[in-house]
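The values are calculated or read from the model by the stated rules, or taken from the named source; none is laboratory data. This one's a predicted model, so the numbers in the text were calculated from it and none came from an experiment. In this analysis, Cβ positions are derived from the backbone assuming ideal geometry, glycine residues included, and neighbour counts consider all displayed protein chains.
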Amino acid sequence: MRRSEREIKEFAGIVDVLDRCDTIHLGIHDDVYPYVVPLSFGYEVVDGKIVIYFHGAREGFKHELLAKNHKVCVEADLCHGFMDTGHSVTCEYESIIGFGTAEIVSGEEAVKGVDLLLRHCTFPGYEYDKKVMAVMYVYRITLDSVTGKRKQVK
């Protein structure tokens, strides 16, 4: 990281940033260009690693690309505003970037993923018809590495 003084060094601080984000941006490999898609998500920390869950249709471009290459990049950020420092305009922000592997999960693991997503989206314990599980895939990404960064103007 070029600006190491902005690095969020504590794992708990990185998790805190993710917890306050409402959307992740998923970077997926395509043949010519990368493909980035915003997603609602849920997450948990397991054995010191962040595990992210999201869902999607059983067909479509995102699913096709993930079927070809499961290696992904996850980005999440919070923009706290832009300001004039007296000599430039800058942004106060917090962000994380992680790398991992996306895999389809099923059964109880898929239900857990949807439940975590609903909890993160402020609907904990929401009662939904489990039949919807038949028309979507639930993906799990275990982040192998993750970094965090923040800029705060004094």
Per-region count, segment 109-154, residues under 24 Å from E59 (Cβ atoms), free of Cβ contacts under 8 Å to residues at least 12 places away in the same chain and of a type in the set (D, E, K, R):
2
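Within segment 79-97, can you find the residues that are touching a strand residue (DSSP E or B) at 6+ places or on another chain (Cβ under 9 Å) and surrounded by fewer than 17 Cβ atoms within 10 Å (Cβ to Cβ)?
Within segment 79-97, C79, H80, G81, F82, M83, D84, V89, T90, C91, E92 qualify.
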Per the filter on segment 62-105, residues modelled with pLDDT of 90 or more, among the acidic types (D, E) and not in a helix (DSSP H, G or I) are E75, D77, E92, E94, E103
Of the conditions (1) among the hydroxyl-bearing types (S, T, Y); (2) surrounded by 14 or more Cβ atoms within 10 Å (Cβ to Cβ); (3) at pLDDT below 95; (4) out of contact with any Cys (no Cβ under 6 Å at 6 or more places or on another chain), the single one that Y43 does not satisfy is (3)
Yes/no for V114 being in contact with a Gly (Cβ under 9 Å, 6 or more places away or on another chain) and part of a helix (DSSP H, G or I):
yes
Could you please let me know if I24 is within 18 Å of S145 (Cα to Cα), surrounded by 12 or more Cβ atoms within 10 Å (Cβ to Cβ) and not polar (S, T, N, Q)?
yes
For segment 50-78: of the residues being free of Cβ contacts under 8 Å to residues at least 40 places away in the same chain and surrounded by fewer than 18 Cβ atoms within 10 Å (Cβ to Cβ), which is nearest to the chain's Cα centre (by Cα)?
H70
